[in-house]
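The values are calculated or read from the model by the stated rules, or taken from the named source; none is laboratory data. Since we're looking at a predicted model, the values are computed, not measured. A quick note on method: Cβ atoms are made from the backbone with ideal geometry, for glycine too, and the neighbour counts reach across all protein chains shown. Surface accessibility is based on the protein's heavy atoms, side chains included, excluding ligands, DNA and RNA. Shrake-Rupley method; radii C 1.70, N 1.55, O 1.52, S 1.80 Å.
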4 protein chains.
Amino acid sequence: MVADYIVGRLKARDVQTDLIDVADYPLAGTGSASATHSLDHYRRIVEDADGFVIVAPEYNHGYPGELKLLLDSDHAGYRHKPAGLVGVSAGRIGGARMIGQLQVVSLALGLIPVSPTVLVSEVASAFDRAGEMLHESQREVVERMLEEVEALADRLEPGRT
Amino acid sequence: MVADYIVGRLKARDVQTDLIDVADYPLAGTGSASATHSLDHYRRIVEDADGFVIVAPEYNHGYPGELKLLLDSDHAGYRHKPAGLVGVSAGRIGGARMIGQLQVVSLALGLIPVSPTVLVSEVASAFDRAGEMLHESQREVVERMLEEVEALADRLEPGRT
Amino acid sequence: MVADYIVGRLKARDVQTDLIDVADYPLAGTGSASATHSLDHYRRIVEDADGFVIVAPEYNHGYPGELKLLLDSDHAGYRHKPAGLVGVSAGRIGGARMIGQLQVVSLALGLIPVSPTVLVSEVASAFDRAGEMLHESQREVVERMLEEVEALADRLEPGRT
Amino acid sequence: MVADYIVGRLKARDVQTDLIDVADYPLAGTGSASATHSLDHYRRIVEDADGFVIVAPEYNHGYPGELKLLLDSDHAGYRHKPAGLVGVSAGRIGGARMIGQLQVVSLALGLIPVSPTVLVSEVASAFDRAGEMLHESQREVVERMLEEVEALADRLEPGRT
């Protein structure tokens, strides 16, 4: 729901976007029966992208293992590209602790995590039936994050080689 | 190599130990062909244990996704049990950044991460052919960590319910 | 306000408590004119204590410099003593990111940070005029944190030397 | 010693540099007798700068309180400016854990922490008497960090307002 909302907002901003779902990729070195895409497919999307938005739930104050496995499966394609980080939680904190860990990992990958980050608390009641974010203040943070990803992608792109 | 060394030291201390290898468990929700044990098997070992030593490499300054998936697959069994943390890296830093993130996750799980932590740098040259740790100072840190796990397990055990 | 509330709850539990205010100590190596106590005074309180509760605001997603200076001014007195961590913020997140960093520092000091941690969001509207916490769920988390500090202090005390 | 080395390297690269020493500023709200500069002086340097290099020791796996106090004393001047992070320690780990926390704080301040970070381990034996870094591999990491700060300052500068 959160990822779909972000994709919708990016479309409204005329930004071409691929939605990458960890569930579609073979992870943990397993020949996963449910995987529909290869890791090469993931690496091609990463290489072609000018920027990223990562949406992730917080489990036990850290990032999900599936997300880390997918992020770790590439290393060259992230360099000097901005990443908006969106934390999601059922509780009141919106994944803030996970975001702190994800910022450190993002920097290690060569990504440039943007400010502000988005924290979606109590996700079960954060959207209406049409998939619209209910809190205006939160919608505004999303737009500022997306603006920042776009602005940094524009400025950083010429220098990539 | 690191995990085997730790298991050997625990045997030398007369501590009954199960070696849990993430590769033996079905992770990421996949019916992994290579998995030889069920997650119920993991949860039973966790429940029966009085303490833990977690050995993990650092990838991109974070913990491996496989480890996080396995840790997240239980929640009741960790409470009030000590955990020694051992970071491993090919480089000079020994996984220090990953250990910081793993301490936060361990606390969220209810574990009590012990001090000192063990950092095995340049792991390729850290052991001799017999599997013995080469640096005496590092062997001493391992023993102090194991003493701490044992001591805290003893003191915390009576209060668990 | 938060610290006073915690002290009140500890008194209600018959736990003898000293309130340490960073503003009373000379920090940053300065002969601060406003300091009323010496760092030796701090170290004596730390040495005598069986456990701690640390109440701190989050600034820029980290802990306050004053708190770190005071914590760093001792090293022997913290060992094997439980610490309840209470984050305070004007915003919605309650200092969660700061708490993650404080957990790592606490472990380095030899403290045992307890679970749960307490996160006081929107602190300006969290208390009534009598200094009582308004949200029952938050009051319950405080009590569980204090119970845990007491329980761990009891269990860990015999082994300290 | 580390900061002087960095300043020397920046001069060699024709980058105009101010050396900011936390000891020169009144911190912790104290009218410090030893302070020779005002916090306004600090804020003016920050505002005028196109980029930063932060050199800091690790204490108890965190950043020094003095550094945090100084960083927290401004908020508008950091936005969209790159920051090279240099950790220093007497031991083998070079401040890696502190750097992780400083990355999160830097992002909260609006800074863009660059990759690679520099970790100076065993600082007492890291320099010769002329103040030259002994290890060539470390000198190379310093240059790559400085190149990155310069490159990002160039690319990000036009977009600042």
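Close amide H partners of residue A:52, meaning residues 5 or more places away or on another chain with modelled amide H under 5 Å apart, are A:83, A:84.
In segment D:59-148, what percent of the accessible surface is made up of carbon and sulfur (1.4 Å probe, ligands and nucleic acids excluded)?
Ligands and nucleic acids excluded, carbon and sulfur give 50 percent.
When each full DSSP H helix of chain D is screened for a Cα extent of at least 27 Å along its own axis and an average Kyte-Doolittle hydropathy of at least 0.0, none passes.
The residues D:92, D:139, sorted by heavy-atom accessible surface at 1.4 Å with ligands and nucleic acids left out, run D:92, D:139 from largest to smallest.
A Gaussian network model of chain A, with springs between Cα atoms under 10 Å, assigns the largest mean-square fluctuation among A:66, A:47, A:136 to A:136. In this label model, residue D:36 and residue B:132 are separated by 5.6 nm, measuring between points 7 Å along each Cα→Cβ vector. When the C-alpha to C-alpha distance is required to be over 27 Å, the pairs from B:11/B:81; B:68/D:81; B:81/C:81; A:81/D:81; A:11/A:81; D:11/D:81 that qualify are B:68/D:81.
Partner shielding of A:64-76 amounts to 5, given as the average count of beta-carbon atoms from other chains within 10 Å of each residue beta-carbon.
For segment D:38-104, the Kirkwood hydrodynamic radius comes to 12.7 Å, computed from all pairs of different C-alpha atoms. Here the label points at residue D:50 and residue C:154, each 7 Å from Cα along the C-beta direction, are separated by 6.4 nm in the simple model. For segment C:1-133, relative contact order (Cα pairs under 8 Å, six or more residues apart, normalised by length) works out to 22 percent. Within segment D:85-127, what residues put their amide N at less than 17 Å from the label point 7 Å along the Cα-to-Cβ vector of residue D:139? What the label zone holds, given the 17 Å backbone N cut-off, is D:119-121, D:125-127.
Ranked from shortest, the separations from the 7 Å Cα-to-Cβ label point of residue A:75 to its equivalents in the other copies are 3.4, 3.5, 3.9 nm.
In terms of the Cα gyration tensor, with a ≥ b ≥ c the square roots of its eigenvalues, is segment A:17-161 rounded because a/c is under 1.5, prolate because a/b exceeds b/c, or oblate? Verdict is oblate for segment A:17-161. Per residue of D:114-126, other chain Cβ atoms within 10 Å of the residue Cβ number 2 on average. This model, with +1 at the C-beta of Lys and Arg and -1 at the C-beta of Asp and Glu, gives segment B:1-74 a dipole about its Cα centre of some 140 debye. A straight line joining the Cα centroids of segment B:56-124 and segment A:46-113 runs 19 Å.
Rolling a 1.4 Å probe across the protein heavy atoms gives chain A an accessible surface of 44 Å² per residue. A label point on residue A:41, set 7 Å along the Cα-to-Cβ line, lies at 3.1, 6.1, 6.7 nm from each of its counterparts in the other copies, closest listed first.
The helix-only estimate of mean residue ellipticity at 222 nm for the protein assembly as shown, built from DSSP H runs of length n ≥ 4 each weighted as -39500 (n - 2.57), is -12500 deg cm²/dmol after division by the residue total. For the protein assembly as shown, a simple Cβ point-charge model (Lys and Arg +1, Asp and Glu -1, everything else neutral) yields a dipole of about 0 debye relative to the Cα centre. Of all residues in chain A, the one whose Cβ lies closest to the rotation axis carrying A onto C, together with that distance in whole Å, is A:96, 2. Taking all protein chains together, B:37, A:80 sort by accessible area into B:37, A:80, largest first [probe 1.4 Å].
Counting only Cβ charges, +1 for Lys and Arg and -1 for Asp and Glu, the dipole size of segment C:116-161 around its Cα centre is about 160 debye. Structural descriptor for segment A:60-161: relative contact order 30 percent, calculated from alpha carbon pairs under 8 angstrom and at least 6 residues apart. Along the charge dipole of chain B, pointing to its positive end and built from +1/-1 on Cβ of Lys, Arg, Asp and Glu, which listed residue (B:51, B:37, B:80) has its Cα farthest out? Value computed over the given set: B:80. Accessible area per residue was computed with a 1.4 Å probe on protein heavy atoms; residue C:15 scores about 40 Å². Take residue D:90, push a point 7 Å out from Cα through the beta-carbon direction, and compare it with the same point in every other copy: 3.3, 3.9, 4.8 nm, smallest first.
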